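Structure, as structure tokens:
The values are calculated or read from the model by the stated rules, or taken from the named source; none is laboratory data. Since the structure is predicted, the reported quantities are computational estimates derived from the model, not experimental observations. Neighbour counts are summed over all protein chains in view; Cβ atoms, including those assigned to glycine, are modelled from backbone coordinates with ideal geometry. Remember, those area values only see protein heavy atoms, side chains included, never the ligands or the DNA or RNA. Shrake-Rupley method; radii C 1.70, N 1.55, O 1.52, S 1.80 Å.
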Amino acid sequence: MKNLLSLTAAFVVAVCLTAPSFAADKNADQSSSTTAKAAPTPAEPSATKVAHDGGINDIDAIGNRNVGCTRGMGNWYSLERQIALGKQVSMQVETQSKIINDPVVSEYINRLGQNIVRNSDSQVPFTIKVIESDDVNAFALPGGYFYVDTGLILAADNEAELAGVMAHEIAHVAACHAARSRTRGQLMNMASLPLMLVGGPVGYVAYEGLAVATPLTFFKFSRKFEAEADFLGVQYMYKAGYDPQALTSFFEKVRAMEKRHESPVAKAFRTHPQTPDRILKTQEEIATLLPPEAEYKLDSSEFEDVKDRLNRMEGGLQLHNANRPTLTRRPSLDGQPHPSE
């Protein structure tokens, strides 16, 4: 009984210490939502509300902001430990995947990604590689190990769309989402300990209830972090000179693919569907947060050359849409064919 009380007391202390971290995350969400939904002034319907407070809405402070990587009860992992974890997983990824070693493709994708990293809040260097896969996907591991599937490159209509997806993934690393999710998972496991020690039918039912609820909690956190990655991603691609609307254009494309049940659609997109609310929220954040620029970078000849090069590679994917993208602010998505298996 003495041991039970000690463990229960330790658990209560852990939960109490954790509360400020979760409250801070909630406040950050409310701040982000308020900014996104701020009513435009009557004189300027599309006027932006520019912040200069060094916070998450301050575009000029990108690179000098804390967007979630502070170590504490909300994040038990130092940057060094995150890099070590990412390196360990990256070795498994590269053992099970075919890395594209073509110097033109690799250099271009790395240069594109590193430009976004320089215009982000990331505190770790990035290692960026291309995987031969027809998945429309990219993923970044903790510590900056970043992989882009060839299917994503071929599915993008222009460089800005590709940059948008890459910026979203870079945002996950910049905000230490993997470390924060893992910390919360460990806290949830700690929460079950006192109930397990109660014993009897009551303790067993309580434990089973937590076991069922835990995945739902993880999903909620994951959806929250996806929204935060959208929020930060549009900032990073804007800072790098790209039209942030290209990210929502790609979201619309993936949503259309989902509706038609086309393959391949990345597992990440299936888990976090491109809902109208998500797309609308991102568009509102762009309109209220980012001052409009006279010109944005939308496409490049290098991007088109890399797509052609991938199609010429032995065993590479075939690009069904051979038309070059039009140089417009928001490329049309209606009636455009997409890569399929």
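Remarks
- The simple Förster model, with R0 at 22 Å and r as the Cβ-Cβ distance, assigns N66 and E284 a FRET efficiency of 0.35.
- Kirkwood radius and radius of gyration were both taken over the C-alpha atoms of the range 44-180, and their ratio Rg/Rh is 1.01.
- The heavy atoms of Y242 offer some 10 square angstrom of accessible surface to a 1.4 angstrom probe.
- Rolling a 1.4 Å probe over the protein heavy atoms leaves M91 with an accessible area of roughly 110 Å².
- Cα-projected label distance for T127 with N101, points at 7 Å along beta-carbon direction, nm: 1.6 nm
- Area accessible to solvent at I279, 1.4 Å probe radius, in Å²: 0 Å²
- Accessible surface comparison of K224, K239, K98, K253, probe 1.4 Å, protein chains only, largest first: the order is K98, K239, K224, K253.
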